[in-house]
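Participant: Can you keep this structure in mind? I'll have questions shortly.
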Amino acid sequence: MEIGKLPNQALKEIVFSNIRYKRNEIIQGAAIGKDNAIIDFGDEICVISTDPITGATKDIGRLAIHISCNDVASSGAEPIGALLTILAPPSTTEEDLDLIMKEAGEAAEELKIEIMGGHTEVTDAVNRVVISTAVLGKQNKIKMMNPRKVKVGDKVLITKYAGVEGTSILAKELEEYLVGKMDREKILEAQNMGNMISVVREGVICGEIGVHYMHDITEGGVLGAVWEGAVAVNKGIKIYENLIPIKEVTREIASILKIDPYRLISSGSMLIIAGEEKSDIIQKKLKEEGIEVTLIGEIIEEGIVIEREGRIESIEPPASDELYKALSILG
């Protein structure tokens, strides 16, 4: 099988098909394009998500906290606590674990969440440190999003830029390879894009404003998120390539590594679907908060397409992320 997130068809046939027992309290469970599960607790809901860190070896404590918090925030919920599972190979030192926990603790403090517990184990079942994080959030039930309200003409927006996380990871993991192929200042700029990785602020703000759907743009990049979003809301989506915000340094790294930046993991960017009036409010509010947001398309009746230089092309389902193709350089 290809490295990366399990393809959506395999998810349906192998994973989802074996989830048979359902409880009434679970009002959102496992599904394509849904970043979290939601539990009904009366007037409030509990939003919960879990994710591992496998594509990076640097800053993994920080990434572990941010990635799962992003998934919770994609429902507009406020993350409040995390459970951290660390599996470390025998070669790991106490200094390595101390650094990971320092990073995780600092990220948790930034987001004002508590690391509530977890599990730390040294095992020969892994050949490098693997961290899996579960994050819980809370939200008033009346603020809960309803993707069924999405209608033709609604607007599709994304925050920040395409390939945020992937650009940062590649600039860190492949720094030696990139030196000599691009300016050191640009490599540093790319590495520093990791500082944009949280979407908690925009998620909570949009949750307060009221949107129909949000999706943290992770593996599969912008195009993968658009495809999954269309499936989740059961409508078509049309986007415009020339409107997708992307930093020049991301384009340069993608060109050097021969990868598609629009299919590069992009934690730090949020896909948002909202009615036209709410779309205007979102753009105004996020820009006031210093968060870049761009209108890239709209909801259509059917089809998942992108307009490129006047041509309409279908967007294919996400496959293995371009990150893994690029990291194969390391052998």
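The values are calculated or read from the model by the stated rules, or taken from the named source; none is laboratory data. Just so we're clear, the structure is a prediction, and the values are computed from it rather than from any experiment. Backbone-built Cβ (ideal geometry, glycine too); neighbour counts: all protein chains shown. Note: accessible area is taken over every heavy atom of the protein model, side chains too, but ligands, DNA and RNA are not part of it. Shrake-Rupley method; radii C 1.70, N 1.55, O 1.52, S 1.80 Å.
Participant: Counting only protein heavy atoms and using a 1.4 Å probe, what share of the accessible area of region 259-325 belongs to carbon plus sulfur, as a whole percent?
Facilitator: Within region 259-325, the accessible surface is 46 percent carbon and sulfur.
Participant: How many times 2.2 N^0.38 Å is the alpha carbon radius of gyration of the chain?
Facilitator: 0.96
Participant: Among I291, I19, I169, determine the one that fluctuates most according to a GNM of the chain built with springs between C-alpha atoms less than 10 Å apart.
Facilitator: Maximum fluctuation in the GNM of the chain, among the listed residues, is at I19.
Participant: May I pose another question? Need the C-alpha centroid separation for region 312-327 versus region 92-141, integer Å.
Facilitator: For region 312-327 versus region 92-141, the Cα centre distance is 29 Å.
Participant: Run the accessible area of region 94-189 with a 1.4 Å probe and give the carbon-and-sulfur part as a rounded percent.
Facilitator: Carbon with sulfur: 49 percent of the solvent-accessible area.
Participant: Which value at 222 nm does the chain reach when only helices count, each DSSP H run of 4 or more adding -39,500 (n - 2.57), with the total divided by all residues and rounded to the nearest 500 deg cm²/dmol?
Facilitator: -9500 deg cm²/dmol
Participant: Find the eigenvalues of the gyration tensor of the Cα atoms of region 80-133, then list the square roots of 5 times those eigenvalues as equivalent ellipsoid semi-axes, largest first, in whole angstrom.
Facilitator: 22, 12, 7
Participant: Can I ask one more? Let me know the charge dipole size of region 180-231 about its Cα centre in debye, to the nearest 20, where only the beta-carbon of Lys, Arg (+1) and Asp, Glu (-1) is charged.
Facilitator: Dipole of region 180-231, to the nearest 20 debye: 180 debye.
Participant: Per 0.36 nm of contour for each residue apart, how much would the distance between R201 and K12 grow if the chain were fully extended, relative to their Cα-Cα spacing?
Facilitator: 64.9 nm
Participant: Same structure again: Keeping all protein chains in place, calculate the accessible area per residue for the chain (probe 1.4 angstrom), answer in Å².
Facilitator: So the chain comes to 48 Å² accessible per residue, rounded to a whole number.
Participant: Would you mind computing the Rg to Rh ratio of region 149-266 from its alpha-carbon coordinates, Kirkwood style for Rh?
Facilitator: Across region 149-266, the Cα-based Rg/Rh ratio is 1.02.
Participant: Same structure again: Taking all protein chains as present, what is the carbon and sulfur share of the accessible area of region 16-72, in % to the nearest whole number, probe 1.4 Å?
Facilitator: After summing per-atom areas, the C and S share lands at 52 percent.
Participant: Using alpha carbons only, what's the Rg to Rh ratio of region 236-276 with Rh from Kirkwood?
Facilitator: 1.02
Participant: Still on this structure: Give or take rounding to whole Å, what are the principal axis extents of the alpha carbon atoms in region 1-55, in descending order?
Facilitator: Largest to smallest, the principal-axis extents are 43, 26, 15 Å.
Participant: Give me the net charge of I115's neighbourhood, meaning all other residues with Cβ under 14 Å from the Cβ of I115; Lys, Arg count +1, Asp, Glu -1.
Facilitator: So the surrounding residues net to -2.
Participant: Anyone know which of S168, S74, S255 comes out most mobile in the 10 Å Cα GNM of the chain?
Facilitator: Result: S255 has the largest fluctuation of those listed.
Participant: Per-residue accessible area for I80 at 1.4 Å probe radius, Å² rounded to 10?
Facilitator: Its heavy atoms expose roughly 80 Å² to the probe.
Participant: Hey, how much of the P(r) for region 41-195 falls beyond 27 Å, as a percent of Cα pairs?
Facilitator: More than 27 Å apart: 36 percent of the Cα pairs in region 41-195.
Participant: If amide hydrogens are placed 1.01 Å from N in the peptide plane, which non-local residues have theirs closer than 5 Å to the one on A162?
Facilitator: I246, K247
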